[in-house]
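Before any comments, here is the structure.
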Amino acid sequence: MSKTEHNPAYGKHDRGFSVMFAALGDPTRLAIFDRLADGKPRSISALSDDADMTRQAVTKHLRVLETAGLVQSQKVGRESQYAFCPEQLAQARAYLDQVAGRWESALMRLKTFVEGDQD
């Protein structure tokens, strides 16, 4: 069993976010995601033409991004078009804001504690 299964402090979104952050942790996938973040759907051909990769390599990276909920595909004729999905990123940002708030609170308590010892 993993730590997350035993620790109730881990939220229900942690596993999904870890998949998303892992997907974006790869420089190639991050570059593909960045290209799609302009909101313009692109085919695998268009994405592979702009990158120094084969269509198969781009397809593998897109599948990881799609599994993470960061992009979605839609069949247009014989091609699949991939588009940016802002919802997952917005949820991750809200999650990171919560984490940042907890850290800020913990640091303020530490500051109060340390400054209180100096009196």
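We did not get these values from a lab; they are worked out from the coordinates using the rules stated. Because the structure is predicted, anything quoted here is derived from the model rather than measured. Using ideal geometry, Cβ is built from the backbone for each residue, glycine included, and neighbour counts are taken over all protein chains shown.
Could you list, in sequence order, the residues of the range 73-103 that are surrounded by fewer than 16 Cβ atoms within 10 Å (Cβ to Cβ) and touching a Pro at 6+ places or on another chain (Cβ under 9 Å)?
Hits for the range 73-103 are Gln74, Val76, Ala83.
Restricting the first residue to the range 38-58 and requiring it to be of a type in the set (S, T, N, Q), which pairs with a second residue that is exposed (fewer than 12 other Cβ atoms within 10 Å of the Cβ) meet a Cβ separation below 8 Å and a spacing of at least six or different chains?
Filtered contacts from the range 38-58: Ser43/Val76; Ser48/Thr54.
Hey, any hits in the range 78-85 for a residue that's within 20 Å of Val19 (Cα to Cα) and assigned to a helix (DSSP H, G or I)?
Looking through the range 78-85, none of the residues is within 20 Å of Val19 (Cα to Cα) and assigned to a helix (DSSP H, G or I).
So, of the residues in the range 27-50 that are polar (S, T, N, Q) and within 18 Å of Val64 (Cβ to Cβ), which turns out to be nearest to the chain's Cα centre (by Cα)?
Top of the filtered list is Thr28.
Look at Arg109 and say whether it is out of contact with any Asp or Glu (no Cβ under 8 Å at 6 or more places or on another chain), under 23 Å from Met20 (Cβ atoms) and among the basic types (Lys, Arg).
Judged against the criteria, Arg109 is not a match.
For residues in the range 72-99 being under 17 Å from Ile44 (Cβ atoms) and of a type in the set (S, T, N, Q), which is nearest to the chain's Cα centre (by Cα)?
This residue is Gln72.
Pick from the range 39-58 the residues that are surrounded by 12 or more Cβ atoms within 10 Å (Cβ to Cβ) and touching a Phe, Trp or Tyr at 6+ places or on another chain (Cβ under 8 Å): which of them is nearest to Thr28 (Cα to Cα)?
In this case the residue turns out to be Leu47.
Enumerate the helices (runs of 4 or more DSSP H) found wholly within the range 13-77, keeping only those where 3 or more residues are within 25 Å of Arg93 (Cα to Cα) and not β-branched (Val, Ile, Thr).
Once the helices (runs of 4 or more DSSP H) in the range 13-77 are filtered for at least 3 residues that are within 25 Å of Arg93 (Cα to Cα) and not β-branched (Val, Ile, Thr), what remains is 14-24, 27-36, 55-67.
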